[in-house]
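Structure, as structure tokens:
Each reported figure results from applying straightforward, stated rules to the coordinates on display, with no laboratory input. Keep in mind the model is a prediction, meaning the values are calculated, not measured. Note that we place each Cβ from the backbone using ideal geometry, even for glycine, and neighbour counts take in every protein chain shown.
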Amino acid sequence: MRIAALSDFHIGARAGMDEFRHDESAFLDKLARVVASHDRVVLVGDIWQTDHDLFTGPRAAARQLHRARSRLPRLTRALDRLDYVHGNHDFIARDELGAPSELQLDADGCRVLFIHGHQHDPVFARAYAAARAATWFTGRLRRAGLGPVAHYFEKKDVAIKHRRFGHAAGPYAAAAAALMRERGADFVVMGHTHVAHAHHLSEGTVINTGTCSAGRFTVVTIDTAARTATIADGPPA
């Protein structure tokens with residue numbers, strides 16, 4: 001089985017209030033090529049940006065989710081046909097859409113576990129309120145027309161976190177190794193960090209899906225028969 005994994009689209013309720021930055025038709029063409037060349041496609045969280053509202057809480061997040069889905073209806077219909085686990089920025093999809101926090105697929109004697117990865121982010125775990133406040137702040141910057149400033153802060157945050165936590169001895173890899181031992185998984189696929197990479201551990205392989213935000217389109221392919229994982233910057237030709 002060939003399984004594709006994509007994550008971190010960050011589609012918001014309004015253009016300019018998110019980091020998606022794709023034309024809907026062009027993105028749909030790319031996604032169709034991924035779907036046609038794989039047996040399953042899994043969305044590994046943070047597909048929707050639901051926490052940039054002025055107000056916080058489940059009601060505000062649900063409102064943002066449904067506005068985002070209404071904004072790009074053709075893409076929404078295409079995404080609804082795919083497997084989907086929620087992340088931290090679209091956590092409300094658990095209640096509104098029934099999105100699970102993880103997905104396990106077994107094929108060819110190979111087990112692949114998909115989880116967004118925020119559950120193993122040290123900052124998210126230890127300073128949840130501060131992380132939420134930072135997201136709210138970048139939302140306010142975008143609302144004020146300062147999207148490039150918000151992008152700058154988010155890009156710096158990604159680089160710092162990857163340097164501190166994204167290495168093979170870091171918390172994400174350690175969590176993946178534990179999941180492999182507990183679940184008997186050969187691969188653990190995460191998103192969240194926006195940096196695509198793979199670490200081959202003694203327990204198996206942990207691979208990060210990178211992001212499809214800011215105009216990028218990163219695709220991870222797991223071949224369960226060959227037991228290989230590859231990262232591509234763009235859909236198959």
Here the net charge surrounding Leu105, from other residues whose Cβ is less than 10 Å away from its Cβ (Lys, Arg +1; Asp, Glu -1), is -1
From the Cα centre of the range 90-162 to that of the range 28-54, the distance in Å is 14
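Stokes-Einstein D for the range 112-184 at 25 °C, 0.890 mPa s, Kirkwood Rh over Cα pairs, in µm²/s?
Working: Rh = 13.9 Å.
Rounded, D is 176 µm²/s.
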The alpha-carbon pair-distance distribution computed for the range 171-215, with 10 angstrom bins and whole-percent values, is 30, 50, 16, 4
When the charge dipole of the chain is computed with +1 on Lys and Arg Cβ and -1 on Asp and Glu Cβ about the Cα centre, the Cα farthest towards its positive end, among Pro148, Phe9, Gln104, belongs to Pro148
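About its Cα centre, what dipole magnitude does the range 1-143 give when the only charges are +1 on Lys and Arg Cβ and -1 on Asp and Glu Cβ, stated in debye to the nearest 20? The partial results should precede the final answer.
Working: 21 positive and 19 negative charges, 108 e Å.
Once rounded to the nearest 20, the dipole reads 520 debye.
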The chain -> Rg/Rh from Cα coords, Kirkwood Rh, value 0.95
Counting sequence-distant residues (5 or more places) and residues on other chains, those with an amide H built under 5 Å from that of Arg111 are Asp186, Phe187
In nm², the average projected area of the convex hull spanned by the Cα atoms of the range 80-201 is 9.1
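Using the Kirkwood radius over Cα pairs, work out the Stokes-Einstein diffusion coefficient for the range 1-50 at 25 °C and 0.890 mPa s, in µm²/s as a whole number. Present the calculation step by step, with values, prior to reporting the outcome.
Details: Rh = 11.8 Å.
My calculation gives 209 µm²/s for D.
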Ordered by number, the chymotrypsin sites (Phe, Trp or Tyr not before Pro) in the range 1-92 that occupy a DSSP loop and have at most 11 other Cβ atoms within 10 Å are Phe55
Long-range amide H partners of Tyr84, meaning residues 5 or more apart or on another chain whose placed amide H is closer than 5 Å, are Leu43
Taking the chain and counting helices only, DSSP H stretches of n ≥ 4 at -39,500 (n - 2.57) each over all residues, the nearest-500 ellipticity at 222 nm comes to -11500 deg cm²/dmol
Hydrodynamic calc, the range 1-107: Kirkwood Rh from Cα pairs, then Stokes-Einstein at 20 °C with viscosity 1.002 mPa s, so D in µm² s⁻¹ is 152
The correct pair for the range 132-227, radius of gyration to one decimal and Dmax as a whole number, both in Å and from Cα atoms, is 16.0, 50
